[in-house]
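One structure is given here, and the rest of the page talks about it.
The values are calculated or read from the model by the stated rules, or taken from the named source; none is laboratory data. Predicted model only: the values in this text are computed from it and were never measured. Here the Cβ positions follow ideal geometry from the backbone for every residue, glycine too, while neighbour counts run over all protein chains shown.
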Amino acid sequence: MTASSCKGCREEYKVTEEQIQRILASPAFAPERCVPDEIYAQRLELCRACPKLQGGTTCLACGCIIPVVAKLKERECPLPGQRKWNAYVEKTSAS
Ligand code: SF4
């Protein structure tokens with residue numbers, strides 16, 4: 001097996017924007033499970049600046065598709081001891 005046979009490195013296995021949008025439209029991404037848009041944008045920005053991001057979509061630390069998992073409240077950056085973003089905890093309105 002050669003390095004070029006790695007599925008993650010081959011063009012035909014690259015995740016397309018259309019595939020991402022299709023996944024995000026599924027019931028698993030109901031609004032109550034998702035972070036607010038500004039948090040999503042912040043997470044994407046942090047990942048874009050991270051050397052672990054491959055091909056603009058895949059985190060090499062966890063193998064996740066970042067534009068998908070960054071939507072979910074309970075997800076967090078997997079880097080041990082250097083987590084770049086955390087699970088989203090909703091702020092309750094203090095009096
Ligand atoms: S989830 Fe963390 S380790 Fe993975 S690409 Fe984003 S910032 Fe980097």
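Take the conditions assigned to a helix (DSSP H, G or I) and at pLDDT below 95 and apply them to SER4. Does it pass? In short, yes.
Can you tell me which residues in the range 45-60 are surrounded by fewer than 17 Cβ atoms within 10 Å (Cβ to Cβ) and either more than 19 Å from THR16 (Cα to Cα) or not small (Gly, Ala, Ser) (or both)? Write out each step before concluding.
Initial filter on the range 45-60 (surrounded by fewer than 17 Cβ atoms within 10 Å (Cβ to Cβ)): 45-46, 48-49, 51-52, 54-56, 60.
Listed by number, the residues that qualify are GLU45, LEU46, ARG48, ALA49, PRO51, LYS52, GLN54, LEU60.
Taking the range 28-87 only, how many residues are β-branched (Val, Ile, Thr), within 12 Å of the ligand (Cβ to nearest atom) and not in a loop (DSSP other than H, G, I, E, B)?
Residues of the range 28-87 that are β-branched (Val, Ile, Thr), as a first pass: 35, 39, 57-58, 65-66, 68-69.
Imposing the further condition that a residue be within 12 Å of the ligand (Cβ to nearest atom) reduces the set to 57-58, 65-66, 68-69.
Narrowing the set further to residues that are not in a loop (DSSP other than H, G, I, E, B) leaves 58, 65-66, 68-69.
Residues in the range 28-87 being β-branched (Val, Ile, Thr), within 12 Å of the ligand (Cβ to nearest atom) and not in a loop (DSSP other than H, G, I, E, B): 5 in total.
Would you check if SER26 is at negative phi, modelled with pLDDT of 95 or more and of a type in the set (Ser, Thr, Tyr)? Reasoning before the result, please.
Details: at negative phi: yes; modelled with pLDDT of 95 or more: yes; of a type in the set (Ser, Thr, Tyr): yes.
Here the answer is yes, as SER26 does meet what is asked.
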